[in-house]
Amino acid sequence: MTTDRISLSIAGGVADVRLNRPGKLNALDPAMFAAIADIGAQLADNPEVRAAVLSGEGQAFCAGLDIERLVATTEGESILPFADLGQRTHGIANFAQHLVWLWRELPMPVIAAVHGIAFGGGFQLMLGADIRYLAPGTRLAIIEAKWGLVPDMAGTQLMRHLAREDVIRELTYSARTFSAEDALGYGFATRIVEDPRVAALETARAIADRSPDAIRAAKRLLNLVADRDAATALAAETEEQSNLLGTPNHVEAVRANLERRPPQWSFA
């Protein structure tokens, strides 16, 4: 499926999601927001998708909020004219936050393949992924302060698990541009690779070869323990493991390894 804002193809259990507004460096306008939300809903409802890759067409991953929307906000308009950002429309998130938070909440792992630039909302969008591969030369910025704003797409919640507080504060207050190498050192990048989309698809296919039950359980568990005390986290480990033991995909994983053959997974 391809629209004028986003494309989606699925093969071998891997969803290849590409922001598709290259002429505007994949900047976020209302149509892009709506398209991302729609793709997120499609992936959430597809049990056969075992991993997803998020990337951008053209010269950049995502330049952040479209300049036309920034101008509109100075004239009293909402960033998103079709959404009340004061309302929690998606669980704990408003609509704009949902565009980033949905990648964290998807049941399958998500890998962001980032190149060119990832500014503002684009930077926050990549933070929603489980894994982030950056191309050499990628430029990034928590740029909202430049426009008299603050990060408001779940970035403050996601950044605090990745980088030191003083680093986050310095980058947020200054809005300065930083490099892929800086991002790796700060904790925002998983790896720097020559072709992040190729590397991301390779990792996604490796994930798709594992038991879908185990991978989804692992993501639930890792999401949960990020914010909980040790006792709650240890209890969650036990619960997830108990729910996996003896299931068809657990048995198949063991048998396939012992028999040295590709596993044949079942899907709920």
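Odds and ends about this structure:
- Relative contact order for the stretch 1-52, counting Cα pairs under 8 Å that sit 6 or more residues apart, in percent: 38 percent
- Derived scalar couplings ³J(HN,Hα) [the stretch 172-183; Karplus, 6.51 cos²θ - 1.76 cosθ + 1.60; whole Hz; x for Gly, Pro]: 6, 5, 8, 6, 6, 7, 10, 8, 4, 5, 4, 4
- Measure of compaction for the stretch 1-120 (Cα Rg per 2.2 N^0.38 Å): 1.06
- Listed residue (ASN26, ILE131, HIS250) projecting farthest to the positive dipole end of the chain, Cβ model: HIS250
- Of ILE39, TRP101, SER179, farthest towards positive along the dipole that unit charges on Lys, Arg, Asp, Glu beta carbons give the chain: SER179
- Coil-residue GluC sites (Glu not before Pro) of the stretch 1-102, DSSP, other Cβ within 10 Å capped at 14: GLU48, GLU75, GLU77
- Note that the chain presents 48 Å² accessible area per residue, ligands and nucleic acids not counted, probe 1.4 Å.
- For the chain, leaving out every one of the chymotrypsin sites (Phe, Trp or Tyr not before Pro) that falls in a DSSP loop and has at most 14 other Cβ atoms within 10 Å, the longest unbroken run is 83-266.
- Placing +1 on each Lys and Arg Cβ and -1 on each Asp and Glu Cβ, with no other charges, gives the chain a dipole about its Cα centre of roughly 440 debye.
- Normalised Debye scattering of the stretch 222-268 at q = 0.13, 0.19, 0.27, 0.30 Å⁻¹ gives log10 I(q)/I(0) of -0.44, -0.70, -0.89, -0.99, counting only Cα atoms as equal scatterers and leaving out solvent.
- Entry note, the chain: the mean residue ellipticity at 222 nm calculated from DSSP H runs of n ≥ 4, each adding -39500 (n - 2.57), is -13000 deg cm²/dmol after division by the residues and rounding to the nearest 500.
- Highest-fluctuation residue, VAL100, VAL225, VAL49 considered, GNM on the chain with Cα pairs under 10 Å: VAL225
- Nearest-0.05 FRET efficiency for ARG160 and LEU85, computed from C-beta distance (R0 30 Å): 0.90
- Highest mean packing comes first when the peptides 179-185, 13-19, 87-93 are listed by Cβ atoms within 10 Å, giving 13-19, 179-185, 87-93.
- For the stretch 178-268, a crude dipole built from +1 on the beta carbon of Lys and Arg and -1 on the beta carbon of Asp and Glu, taken about the Cα centre, is about 360 debye to the nearest 20.
- Ellipsoid fit via the Cα gyration tensor, the stretch 45-90: semi-axes of 29, 20, 6 Å, each the root of five times an eigenvalue, largest first.
- Distant alpha-carbon pairs in the chain (separation over 33 angstrom), percent: 21 percent
- Acute angle (nearest 10 degrees) that the helix 95-105 long axis makes with the longest principal axis of the chain, alpha-carbon atoms: 30 degrees
- The simple spin-label model puts a point 7 Å past each Cα toward its Cβ; for GLU75 and GLU170 those points are separated by 4.0 nm.
- Part-to-part distance (alpha-carbon centres) for the stretch 21-58 and the stretch 222-254, which is given in Å: 29 Å
- Euclidean distance of C-alpha centroids, the stretch 186-209 and the stretch 134-151, integer Å: 21 Å
- Between ALA256 and GLU181, the FRET efficiency from the beta-carbon distance, with R0 = 35 Å, is close to 0.30.
- In plain terms, the chain from ARG139 to ARG191 could stretch by 17.3 nm, reckoned as 0.36 nm per residue minus the Cα-Cα distance.
- Percent accessible area from carbon and sulfur atoms, the stretch 72-206, protein chains only, probe 1.4 Å: 53 percent
- A simple charge model with +1 on the Cβ of Lys and Arg, -1 on the Cβ of Asp and Glu and nothing else charged puts the dipole of the stretch 82-172 at about 140 debye relative to its Cα centre.
- The chain: most fluctuating residue of PRO109, PRO30, PRO196 per GNM, C-alpha cutoff 10 Å: PRO30
- Computed from backbone phi with θ = phi - 60° and the Karplus coefficients 6.51, -1.76 and 1.60, the 3J(HN,Hα) list for the stretch 204-213 is 4, 5, 5, 5, 5, 6, 8, 4, x, 5 Hz; x is used for glycine and proline.
- Average silhouette area of the stretch 129-268, convex hull of alpha-carbon atoms, in square nanometres: 11.1 nm²
The values are calculated or read from the model by the stated rules, or taken from the named source; none is laboratory data. Since the structure is predicted, the reported quantities are computational estimates derived from the model, not experimental observations. Virtual Cβ from ideal backbone geometry, glycine too; neighbours counted across all protein chains shown. Just so you know, the surface numbers come from the protein's heavy atoms only, side chains and all, with ligands and any DNA or RNA stripped out. Shrake-Rupley method; radii C 1.70, N 1.55, O 1.52, S 1.80 Å.
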